[in-house]
Amino acid sequence: MDCVSNTQTEITIYKHNQLSNSGIIWHHPLSQSPSSYEIKKTMNLSISSHALLPSYRLNPLLFSRQRHHRFTSHFSPLKPRFFAVAALEKDVLPKTFDFSSEERIYNWWESQGYFKPNFERGSNPFVIPMPPPNVTGSLHMGHAMFVTLEDIMVRYQRMKGRPTLWLPGTDHAGIATQLVVERTLTSEGIKRVELSREEFTKRVWEWKYKYGGTITNQIKRLGASCDWTRERFTLDEQLSGAVIEAFVRLHEKGLIYQGSYMVNWSPSLQTAVSDLEVEYSEEAGTLYYIKYRVAGGSRDDFLIVATTRPETLFGDVAIAVNPKDDRYSKYIGMMAIVPMTYGRHVPIISDRYVDKEFGTGVLKISPGHDHNDYLLARKLGLPILNVMNKDGTLNDVAGLFCGLDRFEARKKLWSDLEETGLGVKKEPHTLRVPRSQRGGEVIEPLVSKQWFVTMEPLAEKALRAVEKGELTILPERFEKIYNHWLSNIKDWCISRQLWWGHRIPVWYIVGKDCEEEYIVAKSADEALEKAKKTYGRGVEIYQDPDVLDTWFSSALWPFSTLGWPDVSADDFTKFYPTTMLETGHDILFFWVARMVMMGIEFTGTVPFSYVYLHGLIRDAQGRKMSKTLGNVIDPLDTIKEFGTDALRFTLALGTAGQDLNLSTERLASNKAFTNKLWNAGKFILQNLPSQTDASSWETILAYKFDNEEFLLAAPLPECWVASKLHLLIDTVTTSYDKFFFGDVGRETYDFFWSDFADWYIEASKARLYNSGNDPDTLLAQAVLLYIFENILKLLHPFMPFVTEELWQALPKRKEALIVSSWPQTSLPRHLNSIKRFENLQALTRAIRNARAEYSVEPVKRISASIVANEEVLQYISKEKEVLALLSRLDLQNVHFTESPPGNAYSSIHLVASEGLEAYLPLADMVDLSAEVQRLSKRLAKMQSEYDGLVARLNSPNFVEKAPEDIVRGVREKATEAEEKINLTKNRLDFLQSTVLVT
């Protein structure tokens, strides 16, 4: 985006031919053709024809084609500086904040280097490693959540003066990326297996270079103030070297081994997948009842097994019953004949694991195809029989069913079982089906030869880190989940049968047993040298075809991105260990715990001090967002409609660790908040002195709100709002430090909207609309500027774009808001003034309510007598103009007295608070005769409605026959109507007595 350059800009004012307003012609210093950069802008200046406006440096964030329709220029982004905006330009801000300017602001921040760590103001860095999104990813609300929360942390700490490093990057996403590229090849009529590994990998890299930056650009759209100069990719050369180093070290310590164990298998991808990549869904299925005959028994000796997967019976190695189930106790120790296997026998055993209530209480044990059966078989020493090929077809063990797809085999097998009388029945049953997160296919539990990491010794250290307080998990309740998982941890399958990823650094000897003889090395050359030493110079080696689980490289992310294994690297010494790891609570085990274990193992230090876990984002009804439900909310569409700031503010108001229900109503409400902030900025700018008024500005800038004596000497509204701000700064800063971001947002929102916008801005008009630059006016201007600039600072981490734009529009800005100093805490506050102004507010509300109750026209000014003791009257009377303005009182007829006025009998009596009352002459507020007539008609109508309700309740037919909730509703309406009638009668009696007296 173009913006103004460093070179001094020349501005000339000329008198428009037929307008009293002036215009500006601005020539870009680098332009070959000045006319192409000509700007003509109408300004609300009242100057003579020969007057010249002094040269101003224009603010690059405000002056661009996108920001103002009157501009026709497009500026160059050559080293933009900071420029103050002349406050005398009354329409310097457009009607509303233009969301399209967000990208311009972001590019300007980045061009200035604001996202990089700056050690000039502090030495204790705040570091967050960004959870690397998949390189194939497209922005969703989960990304929007983590970007918002992490950016809030980073922007706050940056303003606090700490060097901040938010280190971004993307994950190579082995399965997801390979799937995407395979689909592309399929569209070209090419299968992956038709290419060599090298050719396929080349195609994937080509795809990455072309499309891999999409998610990065979308994250920038959310305002992420990451140091993009340090952006990492898990397959970068340095990070890949770290992965190999980690594998080699773990293997040298005996923590990595190869073996055949149960894994989640994806038949279409033909690879093992992690638990995280398996999603379970409730689906309609079938429960099949199959007869297993007892060997050596009579025709009546058989067991009926209920199973959802009959095709796995070829892998049965036992039949199990509960030892306390008397129905089957006589068969324990005998043999059962597995159907359709030509008489294969399996033992009938007993185990408490068997649920007597499920199905028939008889369980077939197929350890090669069920996780629970696998564990039971290992416990009991049963053999493991695999009946399935890697592509999901049945193998030779299935006999005549060999080669059939698993689901096709299920249908054919059941048909044959029914024909032979072994298929007893089938019935509908709800299944919990494991499906691939990537392809949606049904995952197959399968015993497969894989590489594993022994986790128990690593987990012990990670558990101690939390116990010792070296690692704090927020919210605290997740510590129990973290501890439970690590205390019951299983070995980690780290190998994947893919071509895209970190190739496992293991080489085998040609002609030797792979499981017994292999070499682990950091490179092929090193592996060959090792092989030659053992097997001779003529040895031939080949590398393991598998790649490492994507989560293996992600587990190294906090330190591999900073230069590890080179512990002398500049970034590693400055920024490790990091400060914060923020992510979703759903990957506490799969990623966070593994990073902790690997960080301690390889660096001897916990990789971060805090873990902050956010919840999931759901729709307005609390449902998980899904394409099937059609309830997915796109962040980019949301930004176009509501703006990035409104989206961020909405997401940040949630509670840590809890799911957030997102609705368009919430977004619309926070868009309104953005507009309110913008309008407040416009009001303040329009009511500040001209920048040419040096005397006024000297006075304004001399006010010291951090000085207790000055604050106490200030008028009540100014002292009140400044004191409230100072309390807010302390509260909000504490909440920021505790990561209570929802509290920060709500507290700042309430102060800005309720205290500042609704009360002080309105009260300030009593000063501002007086002519001349009297001290009260200048003080009000100073307070408006002081409060507003601090509000912008407090809100900036949440709403960076609109706050920066408003900050730049304010006069006397010396630096960008993003790098400005955080407000000072423990500033003076006058609690007594707060209580006094609250009395003034209570009085104002009471008068406003009375006006509303009697339907007094908004423009009508009324009289009032304020009654209180001398102390209260002293401070209330000083703010007579403010009270009159806020309550719409006739300034000339506002009286202060210690006793009720003479016309009290014909006035409305208000009690605002203890010791503070008001009397409002009724004749000032309404036409008494007309109001009596109106209320009389209203009373008659209300009485008629009430009589109807009472008649229904007096009817036995209604009370006895109508539903209870209907009767209750009528009773409640009758009670409410009776109360309204009494109130109306009292008011009518009061008015009639007043009319008689008058």
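The values are calculated or read from the model by the stated rules, or taken from the named source; none is laboratory data. Quick caveat: nothing in here was measured; it's all calculated off a predicted structure. Glycine also receives a Cβ, built like all others from the backbone with ideal geometry; neighbour counts cover every protein chain displayed. The accessibility values were calculated without ligands, DNA or RNA, using every heavy atom of the protein model including side chains. Shrake-Rupley method; radii C 1.70, N 1.55, O 1.52, S 1.80 Å.
Okay, here's what the table says:
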{"item": "Cβ-Cβ under 7 Å pairs, at least 6 apart or on other chains, the stretch 338-349 side free of Cβ contacts under 8 Å to residues at least 60 places away in the same chain and assigned to a loop (DSSP other than H, G, I, E, B), far side buried (at least 17 other Cβ atoms within 10 Å of the Cβ) and acidic (Asp, Glu)", "result": "VAL338/ASP316"}
{"item": "Verdict on LEU616 being modelled with pLDDT under 95 and within 14 Å of ILE473 (Cα to Cα)", "result": "no"}
{"item": "Selection status of SER225, on the phi < 0 side of the Ramachandran plot, hydroxyl-bearing (Ser, Thr, Tyr), at pLDDT 95 or above and not in a loop (DSSP other than H, G, I, E, B)", "result": "no"}
{"item": "Single match in PRO823, PRO797, PRO811, PRO775 (criterion: open to solvent by 50 Å² or more (accessible area, probe 1.4 Å) and either touching a helix residue (DSSP H, G or I) at 6+ places or on another chain (Cβ under 9 Å) or among the hydroxyl-bearing types (Ser, Thr, Tyr) (or both))", "result": "PRO775"}
{"item": "Any pair with Cβ under 8 angstrom, 6 or more apart, that starts in the stretch 789-804 at a residue that is closer than 11 Å to LEU677 by Cα and ends at one that is of a type in the set (Val, Ile, Thr) and open to solvent by less than 10 Å² (accessible area, probe 1.4 Å)", "result": "ILE791/THR748; LEU792/THR803; LEU795/THR748; LEU795/THR803; MET799/THR674; VAL802/THR674"}
{"item": "Odd one out for GLU540, checked against (1) within 25 Å of SER266 (Cα to Cα); (2) open to solvent by 80 Å² or more (accessible area, probe 1.4 Å)", "result": "(1)"}
{"item": "Qualifying positions in the stretch 503-528 - acidic (Asp, Glu), at pLDDT below 95 and open to solvent by 80 Å² or more (accessible area, probe 1.4 Å)", "result": "ASP513, GLU515, GLU516"}
{"item": "Odd one out for PHE649 among (1) within 30 Å of LEU471 (Cα to Cα); (2) in contact with a strand residue (DSSP E or B) (Cβ under 8 Å, 6 or more places away or on another chain)", "result": "(2)"}
{"item": "Condition met for ALA377 (in contact with a helix residue (DSSP H, G or I) (Cβ under 7 Å, 6 or more places away or on another chain) and either of a type outside the set (Asp, Glu) or touching a residue at least 40 places away in the same chain (Cβ under 8 Å) (or both))", "result": "no"}
{"item": "Residues located in the stretch 542-591, provided they are hydrophobic (A, V, I, L, M, F, W, C), touching a residue at least 40 places away in the same chain (Cβ under 8 Å) and in a helix (DSSP H, G or I)", "result": "TRP551, PHE552, TRP557, PHE559, PHE575, ILE587, LEU588, PHE589, PHE590, TRP591"}
{"item": "Qualifying residue in the stretch 160-173 (condition: open to solvent by less than 10 Å² (accessible area, probe 1.4 Å), within 28 Å of THR655 (Cα to Cα) and of a type in the set (A, V, I, L, M))", "result": "yes"}
{"item": "Tally, over the stretch 298-333, of residues that are farther than 25 Å from THR286 by Cα and either part of a strand (DSSP E or B) or touching a Pro at 6+ places or on another chain (Cβ under 8 Å) (or both)", "result": "3"}
{"item": "Residue tally, condition modelled with pLDDT under 95 and open to solvent by less than 30 Å² (accessible area, probe 1.4 Å), over the stretch 102-131", "result": "1"}
{"item": "Output for the stretch 963-984, where each listed residue is open to solvent by less than 90 Å² (accessible area, probe 1.4 Å) and within 22 Å of GLU931 (Cβ to Cβ)", "result": "ALA977, ILE981, ASN982, THR984"}
{"item": "Every residue from the stretch 545-582 that is of a type in the set (Ser, Thr, Tyr) and either under 23 Å from TRP451 (Cβ atoms) or at pLDDT below 95 (or both)", "result": "THR550, SER553, SER554, SER560"}
{"item": "Subset of the stretch 245-267 (residues that are crowded, with 20+ Cβ neighbours inside 10 Å, modelled with pLDDT of 95 or more and β-branched (Val, Ile, Thr))", "result": "ILE256"}
{"item": "LYS208 being modelled with pLDDT under 95 and of a type in the set (D, E, K, R)", "result": "yes"}
{"item": "Criterion violated by THR650 - all others in (1) assigned to a helix (DSSP H, G or I); (2) open to solvent by 50 Å² or more (accessible area, probe 1.4 Å); (3) out of contact with any Asp or Glu (no Cβ under 7 Å at 6 or more places or on another chain) satisfied", "result": "(2)"}
{"item": "Residue check for VAL783: assigned to a helix (DSSP H, G or I) and either in contact with a His (Cβ under 6 Å, 6 or more places away or on another chain) or more than 21 Å from TYR703 (Cβ to Cβ) (or both)", "result": "no"}
{"item": "Qualifying residue in the stretch 217-239 (condition: within 26 Å of PRO505 (Cα to Cα), touching a Ser or Thr at 6+ places or on another chain (Cβ under 7 Å) and of a type in the set (Phe, Trp, Tyr))", "result": "yes"}
{"item": "Residue that is nearest to LYS835 (Cα to Cα), among those in the stretch 706-737 that are crowded, with 21+ Cβ neighbours inside 10 Å, touching a His at 6+ places or on another chain (Cβ under 9 Å) and not small (Gly, Ala, Ser)", "result": "TRP720"}
{"item": "Qualifying residues in the stretch 892-916 (those that are surrounded by fewer than 14 Cβ atoms within 10 Å (Cβ to Cβ), within 51 Å of the chain's Cα centre (by Cα) and in contact (Cβ under 8 Å) with a residue 24 or more places away in the chain) - the one farthest from LEU991 (Cα to Cα)", "result": "GLY915"}
{"item": "Restricting the stretch 253-308 to residues that are of a type in the set (Asp, Glu) and farther than 28 Å from SER436 by Cα, the residue that is nearest to the chain's Cα centre (by Cα)", "result": "ASP301"}
{"item": "Residue count for the stretch 560-575, restricted to those that are open to solvent by 30 Å² or more (accessible area, probe 1.4 Å) and of a type outside the set (D, E, K, R)", "result": "4"}
{"item": "Residue under evaluation LYS985, criteria (1) part of a helix (DSSP H, G or I); (2) without any contact (Cβ under 8 Å) to a residue 40 or more places away in the chain, criterion not met", "result": "(2)"}
{"item": "Residue among LYS814, LYS765, LYS793 that alone is over 35 Å from the mean Cα position of the chain (by Cα) and among the basic types (Lys, Arg)", "result": "LYS765"}
{"item": "Residues located in the stretch 843-867, provided they are outside any loop (DSSP other than H, G, I, E, B) and either of a type in the set (Phe, Trp, Tyr) or touching a Phe, Trp or Tyr at 6+ places or on another chain (Cβ under 8 Å) (or both)", "result": "ALA864, SER865, ILE866, VAL867"}
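Okay, residues lined up against (1) part of a loop (DSSP other than H, G, I, E, B); (2) in contact with a Leu (Cβ under 8 Å, 6 or more places away or on another chain):
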| site | (1), (2) |
| --- | --- |
| LEU235 | yes, no |
| VAL243 | no, yes |
| PHE247 | no, yes |
| LEU250 | no, no |
| TYR261 | no, no |
